[in-house]
Structure formats: structure tokens, C-alpha cells
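S.K.: Structure provided below as C-alpha cells; questions to follow.
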Amino acid sequence: MELLRKPRGVSGKVHDITPETAGWGYVGFGLYRLAAGERAAEVTGEREVILVLVEGKARLSAGGEDFGELGERMSVFEKTPPHCLYVPNGSDWAAEASTDCVLAVCSAPGKGGHAARRIGPEGIALTQRGQGANTRFINNIAMETEDYADSLLVTEVFTPSGNWSSYPPHRHDEDDFPRMTYLEETYYHRLNPAQGYGLQRVFTEDGSLDETMAVQDHDVVLVPRGHHPCGVPYGYEMYYLNVMAGPIRKWRFGNHPDHDWIWQRDNS
């Protein structure tokens, strides 16, 4: 599996990752970069969708309902809560950009359990996780405490200059609830300033998978299994949008045994 996916251009649909192209069973991720006045529209089929206005403003509709103009932040690094829209399976959605905008399309199998609805910015608050050089800041969009979706788990993470994230290394690649859940995951990365880069390692404890990638602005990393920490050099800050899904909508993970002492120390 090719884990690092580069955008295919700078406008239009620059990412179109499906379970088929990823070689797995659950997560899909698309990304549109639209100029003001441009449109995007899709049918959901058997999949539910959460649309995330990463940057800019757009008029959104779903299933024949007009949700009006959504979006507020012009740069994702403003770190304000995102405007999002949940769209169930068996429906459709359309977006018309009011300004230049970046629209993420997060998808997973739908079960018809939820109706179309706005998510955020109300109810989403930037919260700190970790400490020291492991400090990062989270905008939870649709994690399991919010009954917003059938399968999808979606969150945003901001990692300050010189810091690490998704660390200590952890994995969620076994369907063994409540000890651990199987969740495929994508990371959509942004860097500030945009010419920067970050590093992400995806690796298993037995060494059968071990890849370290330099990620740039608008890159996507696939995490099919294993641990997946990332970091950003001094002088740059990193954003990523996480999409997770699996057999059940729960996030249960296990830390790498060699590095769990860090988590134990910091959470004692």
C-alpha cells in the first residue's frame, strides 16, 4: 500500500481516496480546493459523509435541504472551530464556494442511523492534550462522545512548532473491544508556513511495516495498521484532519510497549 498520497493538482478535487484505492474496507477521504463561485456535488450511495470546511466559506445543501452559507476561518491556522455538515448514506450534497475554500469529504459505511445536520462551530472547543514538546490542541468534530454518525470519527489537531503528536506511539488495529478497536485512519496535513514539512512514521511492533515519510502541505497519509506518530520541525506548525472508521464506532488504542512509560509518567 502506498501510504503517502500527494495532491493531484492545486484546484478541483485534489484527493479522492476510496476504500478501493486505499486497499482497505472503511475510510474514504476527498478534498476539494475551490475558487469563489465553483461548485462540487456528490451522491453518498452506501456511505455517510462529514463535510469539513477546512478554510473559506461555501453554501451547502444535502438531501434537498439548504443549510446556507457555512464557514468562518480563512486560514485553518486561525484554529477557530470548523463548520461541518453530516450527510447520511442514500443522499447527496452540493457545495458552492462563496470564497476560495478547502472542503474535506470524510466518508465511511453508513447505516441510515442519522439525519443530515450541521456540526459546529457550536459545541467544538479547542482543548490541550499532552505536555512539553508533546503538547497539541484538538478540535473534536465527531468523536464517539457525540452521536453524530454511524461509523465516522473525525477530529482536527494543531501541533505547535517543534512538537510531536499522536505520541507516544499508539495503534488501533485489532478488533478486540474493549481492549482495542480496529480503525483505519487518514491524516490530511497542512503546514504553516506552507513551504514547511513534517515527519510521520507508520510502523508495527514486528517490523513488517516501517515507513517514515516527509509530509508537505495538503499531503495525506494512510494508516492501515501500526503506530503512527508525527512531528513538525522548529519554525513551522502542523495541522491535520483525522478520519477514522472500523467495525464499531469506538476509539480504543494501545501504546507501544517500549514507549508507554512516557504516557504513564505524564498521566500519573
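The values are calculated or read from the model by the stated rules, or taken from the named source; none is laboratory data. These figures come from a predicted structure and were not determined experimentally. Positions of Cβ are generated from backbone atoms using ideal geometry, with glycine treated the same way; all protein chains shown enter the neighbour counts. SASA here: full protein model, heavy atoms, side chains in, ligands and nucleic acids out. Shrake-Rupley method; radii C 1.70, N 1.55, O 1.52, S 1.80 Å.
S.K.: In what order, largest first, do R171, R33, R129, R136 sit by accessible area if the probe radius is 1.4 Å?
M.R.: From most exposed to least exposed: R129, R33, R171, R136.
S.K.: If you don't mind, there's one more thing I want to ask. Which option, (1) 1.08; (2) 0.95; (3) 1.29, is the value of Cα Rg over 2.2 N^0.38 Å that was calculated from these coordinates?
M.R.: (2)
S.K.: Next up: How much of the pair distance distribution for region 55-153 lies past 21 Å, counting alpha-carbon pairs only, in percent?
M.R.: The calculated P(r) of region 55-153 puts 39 percent of pairs beyond 21 Å.
S.K.: Run the quick spin-label model on M74 and K250: label points 7 Å from Cα toward the beta carbon, then report their separation in nm to one decimal.
M.R.: 4.6
S.K.: Moving to a separate point now. Using heavy-atom solvent-accessible surface (probe 1.4 Å) with all chains present, what is the largest-first order of Y188, Y32?
M.R.: Sorted descending by solvent-accessible area, the residues read Y32, Y188.
S.K.: Rounded to the nearest 10 Å², what accessible area does H227 have for a 1.4 Å probe in the complete protein model?
M.R.: Roll a 1.4 Å probe over it and H227 shows about 0 Å².
S.K.: For region 1-108, which GluC sites (Glu not before Pro) are both in a DSSP coil and crowded by at most 12 other Cβ atoms within 10 Å?
M.R.: E2, E46
S.K.: Excluding ligands, DNA and RNA, what is the solvent-accessible area per residue of the chain at a probe of 1.4 Å, expressed in Å²?
M.R.: 42
S.K.: While we're on this one: Give the lysines whose C-alpha is closer than 25 Å to that of K111, dropping any in the same chain fewer than 8 places away, or say none.
M.R.: Straight-distance partners of K111: K250.
S.K.: With a cut-off of 8 Å between alpha carbons and a minimum separation of six or more residues, what is the relative contact order of the chain in percent?
M.R.: Worked out over the chain, it gives 19 percent.
S.K.: Measure off 7 Å from each Cα along the Cα-to-Cβ vector at L126 and R59, then give the distance between these two points in nanometres to one decimal.
M.R.: About 3.1 nm separates the two model spin labels.
S.K.: On a full-extension model of 0.36 nm per residue, what is the gain between L199 and D266, subtracting their alpha-carbon distance, rounded to one decimal in nm?
M.R.: The span from L199 to D266 would gain 21.8 nm if fully extended.
S.K.: In deg cm²/dmol, rounded to 500, what helix-only [θ] at 222 nm does the chain give when every DSSP H run of at least 4 residues adds -39500 (n - 2.57) and the total is split over its residues?
M.R.: Theoretical 222 nm ellipticity from helices: -1000 deg cm²/dmol.
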